[in-house]
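One structure is given below, encoded as structure tokens.
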Amino acid sequence: MNHTSIAAALFIIVLSGTLVAGCREARSVASQEEADLQREFERAPLDGSDAAASAIAGSPQDPLALLVDSLAKIPGEFESNSVGTFSFRGDETLFNAFYQYADSAVVALVECLGNSSPARATYEGRPVPIGYMCYSALIRMAYPTAFEDSPGDWPGVLLNPAPSADELRAAQRAWEEVIAQDAYRIAFDQAFQDVSRVALGVGGRWS
Amino acid sequence: MDPTRNPLSYSDPFGLCPEDVGGDGKTDKVTDCPREVMEKWATSHITITARGGTDFDGIDPDLWNAVVWASMELRVSLGISGAKEGGHSIEGRHAVGGAVDINTVNGVRFGAMPFDIAANVSGVVARTISSFLPENNKPIMIYTPGSAFRTTRPMTAEQRAKLLQMHRTHIHITVPGRGAQQ
């Protein structure tokens, strides 16, 4: 090996070291930024549109997981309504952000359904369980086909915003069974079938 | 005109029908619309939102006509999330073509509407559909985000609350079928 080769080899080694160090530094800065962002997110009380926008914009966390976590943080209050169910008074944007994730959202919301930790939203002045927030999002996008028209004693329905831990777990198990059997329907807004083919068919709808 | 008239067996020779639903504007009754006008309206205003599609061939003809007439009467598009299909409870009558689920109005999901709006809009749509059903095939169940009604047996407050929650996303209407004991 001559002097030129040795010099070239040394140059490459030094350059590699600089690049590796540079990358480490860059990663460290990125990690720091991610950590700062995460801390800022965790600190700040969110309204629904903030959380949805943040998740969609691409956060270091999985957007769907971030949406689920955000349900615990949105302010608002559940109130009894005129028909005997409970309406959410607050920004409802976040509840509707799950829809775009279809089946993945159903699974994630059911996973969260058993969570009895307190959320920021309240009912009669007390925090509702996080699981109830997930339930509220779940029933805005999906329903169990076998039970929707005759729920009977099916435990998947939560009758008020202050369910016990046992009621949450029972609801979670009921929905897990529905998912396992693929016995639910998501109420989509896009077209899956051409009506004209059916409506105009001879011997079909109009005969 | 009798709203139960089958549009296939009757075609108004003058095409009497409101202009803004595709007719000639000589009357304001959507039930006067000839079959062709109804078909054209349905093609552009009835959307199948059931993933994987749904079966319309065996659905109760009174119910289907009433859905199309309601869409015309209200001048709105409706999304059908369920028609004749298995997997539902027996009493809902989906399996025999006696029920329909509607989950969008003008492309907006009931689930995405605030409760008060969903309850109000779904109520108007359900009542309009019911008004176009013949007396011998009136609904025995109407469940919406804001109301739960059935004729088959009394309902407790708890049952009503459960049904309302299970229909936060859609309207369900069951008819008994003509000739059925109501």
* Structure fact -> How many residues of the range A:160-207 are among the aliphatic types (A, V, I, L, M) and at pLDDT below 95? The answer is 9
* Structure fact -> Counting only residues in the range B:105-143 that are among the charged types (D, E, K, R) and within 13 Å of chain A (Cβ to nearest Cβ), the one surrounded by the most Cβ atoms within 10 Å (Cβ to Cβ) is identified as B:R109
* Looking at (1) at pLDDT 95 or above; (2) surrounded by fewer than 24 Cβ atoms within 10 Å (Cβ to Cβ); (3) polar (S, T, N, Q), which is the one condition that is false for B:Q181? -> (1)
* Provide a single number: the residues in the range A:113-165 that are assigned to a strand (DSSP E or B) and more than 12 Å from A:E77 (Cβ to Cβ). => 5
* **Single condition A:S116 does not satisfy, out of (1) out of contact with any Leu (no Cβ under 6 Å at 6 or more places or on another chain); (2) within 17 Å of A:N160 (Cα to Cα)** => (1)
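The values are calculated or read from the model by the stated rules, or taken from the named source; none is laboratory data. These numbers were taken from a predicted model, which means no experiment stands behind them. Neighbour counts run over all protein chains shown; Cβ positions are idealised from the backbone, glycine included.
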